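Peer 1: So that we are looking at the same thing, I have put the structure below in structure tokens.
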Amino acid sequence: MLKKRTNLRRRLAWMISAGALAVLSGQAGAEYGDVVINNYSDQAGMRPAVFPHWFHRIRFRCKVCHADLGFKFQAGGNDITMLKIIDGEYCGACHNGDVAWSVENCDLCHSGKPGTKTQVHESTLQKLVAPAGK
Amino acid sequence: MHGYSKILPFVLSSVAIVAVPEIAAQTERGAEVVKISCTSCHGPGILGAPKLGVAEDWKERRAKGLDELVKRTIEGFNQMPPRGGNVNLSDADLRAAVEFILAGLDKHAETPAPAVAERPATVVEAKPAPKPTQRKQPVNNFNRLMKPASKRNPPPAADGIHDPQNAGTTILQHPKEAFSPMPKSNSGNRVDWVKALDAGDLNPRFVLDDPSKTAVTLDLNIVREVKGSMPDVVYPHKQHTEWLDCSNCHPAIFIPKKGANNISMAAILLGEKCGVCHGKVAFPVAECRKCHSKNKPKQ
């Protein structure tokens, strides 16, 4: 019984992934691993924050953020707010005018298109759930 | 009249390169492109963009010649994003747009505009067979489903999630620039991060504020046998501990005991187990051979 169900799930995942390839072509598509964080931004009238993994991993090992600074592996899952940032947590551990430029540069972080949902861009999962063919 | 003689070379050169009989269609396309992709900045003059129809703003720029202006439009410079921030525009589209913008200046200056009809027809006829241009959305693109090479690693302003209207967007780094010294791969960021790190193309800090600290790695391979023809999976601790801490995986994602975890491709595709990272930030599932690296003995 259990075996059967996992088989089904397995086949399902493979099937959707094959269909999902099509989605790649339609849109321009941001850099792989770019995270859009939009729990509060839209409501607050700010553009959503965009976090580029590629840019930061050139400068830091994953460990620095995901172990030492405590970022959980979940887009939007860390409940980041400006209060925490200016008190030196999350992005604020570095964007403090010492390690990296400080928070007054709002539009470098808040650079997403208004209305863009929280997501990891180009993730396999994103491609799975998006309907095939645009 | 003086103004006109200055544009004549532009007109000629544009005709020579485009070499399409339907110049009217070309002008129309130019107008369309400008409306969709250029007026947002060039209308109001955002970020110091030269304004449409304001000859004064364009005087010195024009002196560079049409080809140079088109080149800069394609490649971008300073605050001007490559392709005006719209990667879907072909080179021909952009040329048409720049021509349209320049033609518009002369209308405003009330000098004879290089109107369509005034273009020397003989030049057009003297041209050999028209080169294939991409004015219309072609149906038979070489890559139909896959993202073509030209659309990989787009600049932030053109990537679909950054807002090109936001001043900060244009300051962000173009990924292509950062990746240029690194070894390539066929998926994800199109960079082989493992090789790049080994080769010293990047030197990411292991500790936030101390560049001298180096990673503590564990050299332990775990082989996971796979049924069927697919080669077995070799999970290497070494490459992972270059980047990650033990606590990133143990115990939340994997119990640290060989064979204690039930891993399948379905789970990986759904973003669990190895898929927590592979398919999001680390190289995606498409690279079967990186994980399925141990061939089975021939029977």
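The values are calculated or read from the model by the stated rules, or taken from the named source; none is laboratory data. No experiment lies behind these values; they were computed from the predicted model shown. Here the Cβ is made from the backbone with ideal geometry for all residues, glycine too, and neighbour counts use every protein chain on show. Heavy atoms of the whole protein, side chains included, go into the accessibility calculation; ligands, DNA and RNA do not. Shrake-Rupley method; radii C 1.70, N 1.55, O 1.52, S 1.80 Å.
Peer 1: Between B:K184 and A:T81, with labels modelled 7 Å along Cα→Cβ, what's the label distance in nm to one decimal, could you check?
Peer 2: Result: 4.7 nm between the two label points.
Peer 1: Give me a single rounded figure for B:147-158: the average over its residues of other chain Cβ atoms within 10 Å of their Cβ.
Peer 2: 3
Peer 1: A follow-up question, please. Just to be sure I understand the model, the point goes 7 Å from the Cα along the line to the Cβ. What's the resulting B:I171 to B:E287 distance in nm?
Peer 2: Each label point is offset 7 Å from its Cα along the Cβ direction, giving 3.3 nm.
Peer 1: Suppose R0 equals 25 Å. What FRET efficiency, 1/(1 + (r/R0)^6) with r the Cβ-Cβ distance, do B:I46 and B:D209 give to the nearest 0.05? Mind showing how you got there, number by number?
Peer 2: On the way: r = 38 Å, r/R0 = 1.51.
FRET efficiency, B:I46 to B:D209: 0.10.
Peer 1: Which whole number gives the average count of other chain Cβ atoms within 10 Å of the Cβ atoms across peptide B:274-282?
Peer 2: Other-chain Cβ atoms within 10 Å of each residue's Cβ, averaged: 6.
Peer 1: Still on this structure, I have one more. Counting only residues 5 or more places away or on other chains, whose amide H sits under 5 Å from the amide H of B:H278 once H atoms are built in the peptide plane?
Peer 2: For B:H278, no residues qualify.
Peer 1: Would you mind calculating the gained length between B:C246 and B:A149 on full extension (0.36 nm times residue separation, minus the Cα-Cα distance), in nm to one decimal?
Peer 2: Length gained between B:C246 and B:A149: 31.3 nm.
Peer 1: Per-residue HN-Hα couplings for the range B:256-263, Karplus 6.51 cos²θ - 1.76 cosθ + 1.60 at θ = phi - 60°, whole Hz, x for Gly and Pro?
Peer 2: These are the phi-based 3J(HN,Hα) values: x, 8, 3, x, 7, 10, 8, 10 Hz.
Peer 1: On a 23 Å Cα-Cα criterion, which of the cross-link pairs B:K227/B:K258; B:K258/B:K296; A:K127/B:K257; B:K213/B:K273; B:K238/B:K298; B:K71/B:K176 come out too long?
Peer 2: A:K127/B:K257; B:K213/B:K273; B:K238/B:K298
Peer 1: Mind running the shape call on the range A:29-83? Use the C-alpha gyration tensor, a ≥ b ≥ c as the square roots of the eigenvalues: rounded below 1.5 for a/c, prolate if a/b tops b/c, oblate otherwise.
Peer 2: oblate
Peer 1: Could you give the distance between the Cα centres of the range A:29-47 and the range B:190-241, to the whole Å?
Peer 2: 29
Peer 1: For the full complex of protein chains and a 1.4 angstrom probe, list B:E56, B:E225 by accessible area with the highest value first.
Peer 2: Working: B:E56 130, B:E225 165 Å².
Per-residue accessible area, sorted high to low, gives B:E225, B:E56.
Peer 1: Checking the cross-link filter: which aspartates and glutamates have an alpha carbon closer than 12 Å to that of B:K290, excluding same-chain neighbours under 8 positions apart?
Peer 2: Straight-line reach from B:K290, under 12 Å: B:D192, B:D232.
Peer 1: Rg/Rh for the range B:204-294 to two decimals, with Rh computed the Kirkwood way over all alpha-carbon pairs.
Peer 2: Taking Rg over the Kirkwood Rh, I get 0.99.
Peer 1: Kirkwood hydrodynamic radius (Cα pairs, Å) of the range A:31-128?
Peer 2: Taking every pair of different Cα atoms in the range A:31-128, averaging 1/r and inverting gives 13.9 Å.
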